[in-house]
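Asks: Here you go, one structure.
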Amino acid sequence: MSFSSFFYIFAENKISILIKIMTKFIAIACINQKRVLGKEGKLLYHVGNDLKNFASMTRFNGVVIMGRKTYDSLPNSEPLKGRINIIITSNEEFSVDPKYDNVYIVHSVNDAVELCNAFFEDKEVFVIGGESIYRQFMDENLIDEMRLTIVNDDADGDVFFPEYNEDDWYVYYKSMAQVSSYENVDKSFYYEILMRKKNNG
Ligand SMILES: NC(=O)c1ccc[n+]([C@@H]2O[C@H](COP(=O)([O-])OP(=O)(O)OC[C@H]3O[C@@H](n4cnc5c(N)ncnc54)[C@H](OP(=O)(O)O)[C@@H]3O)[C@@H](O)[C@H]2O)c1
């Protein structure tokens, strides 16, 4: 699906600037105590409750934004069903099977943001990784909320959730520790929802 034609109409009319304020970007990630996100292109943990939570939070017309490598890591490299998938890549030739009508391909973080501001401002927009995408959204202060699953483990990996200044965030919710019942992950984990303090961003 071509994004550029929609984008230019809105950019020319300067409407996107007016409605930008309304889009809420939520980073959602599963990390460990070292903020590790994954290793060798794969997730480090498959936490059953977490996967269910991820599905229920993002489904029903939610919007997910991801880097091309995270897209490649999805099961069968297929877009997530029931959600609008925005894939960021620098590759102008990148495409997905046209049978998927829920995919937008964009070529910068800014294009992804403008697309959401223009068309999905009434939806929850989830930034689902990987490292490079979280980092760019965080660096630009675009993230309003972080929904983290934190596994009580210190395994190494090669991609990390960005460090953030705790003074800029407050803990809105923190769950009790629980244990996964999926794929033999016997580590405990907990959920944390952090909100950006209004006066810091
Ligand atoms: N634990 C979690 O919650 C979680 C969530 C998501 C992902 N992960 C893990 O994270 C890893 C992937 O993360 P990653 O950082 O390596 O890759 P990534 O962020 O998923 O994708 C990187 C790719 O996105 C594109 N890209 C990024 N910034 C761009 C920009 N400004 N303009 C145009 N294109 C841009 C480029 O694609 P092109 O090369 O095509 O140009 C780049 O190679 C995997 O191990 C995955 O399993 C973990």
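Asks: Yes or no: the range 162-178 includes at least one residue that is within 12 Å of the ligand (Cβ to nearest atom) and either in contact (Cβ under 8 Å) with a residue 12 or more places away in the chain or hydrophobic (A, V, I, L, M, F, W, C) (or both).
Replies: Yes: one or more hits.
Asks: For residues that are over 29 Å from Asp122 (Cα atoms) and assigned to a strand (DSSP E or B), scanning just the range 38-64, find the one that is nearest to the ligand (Cβ to nearest atom).
Replies: That would be Gly38.
Asks: So, one more: Within the range 51-73, track down each residue that is charged (D, E, K, R) and farther than 22 Å from Ser132 by Cβ.
Replies: The answer is Lys52, Arg59.
Asks: Using the structure shown, decide if Ser2 is within 27 Å of Phe120 (Cα to Cα) and either modelled with pLDDT of 75 or more or touching a Phe, Trp or Tyr at 6+ places or on another chain (Cβ under 7 Å) (or both).
Replies: No.
Asks: Something else about it: Condition first: more than 6 Å from the ligand (Cβ to nearest atom), under 24 Å from Arg135 (Cα atoms) and assigned to a loop (DSSP other than H, G, I, E, B). Now tell me which residues in the range 79-93 satisfy that.
Replies: Pro79, Leu80, Arg83, Glu92
Asks: Is at least one residue of the range 23-34 over 14 Å from the mean Cα position of the chain (by Cα), more than 29 Å from Lys99 (Cα to Cα), modelled with pLDDT of 75 or more and not basic (Lys, Arg)?
Replies: yes
Asks: Anything in the range 94-136 that is outside any helix (DSSP H, G or I) and within 9 Å of the ligand (Cβ to nearest atom)? List them, or say none.
Replies: Within the range 94-136, Phe94, Val106, His107, Ser108, Ile128, Gly129, Gly130 meet the criteria.
The values are calculated or read from the model by the stated rules, or taken from the named source; none is laboratory data. All values derive from a computational prediction rather than experimental measurement. Quick reminder, even Gly has a Cβ in these numbers, built from the backbone with ideal geometry, and neighbours come from all protein chains shown.
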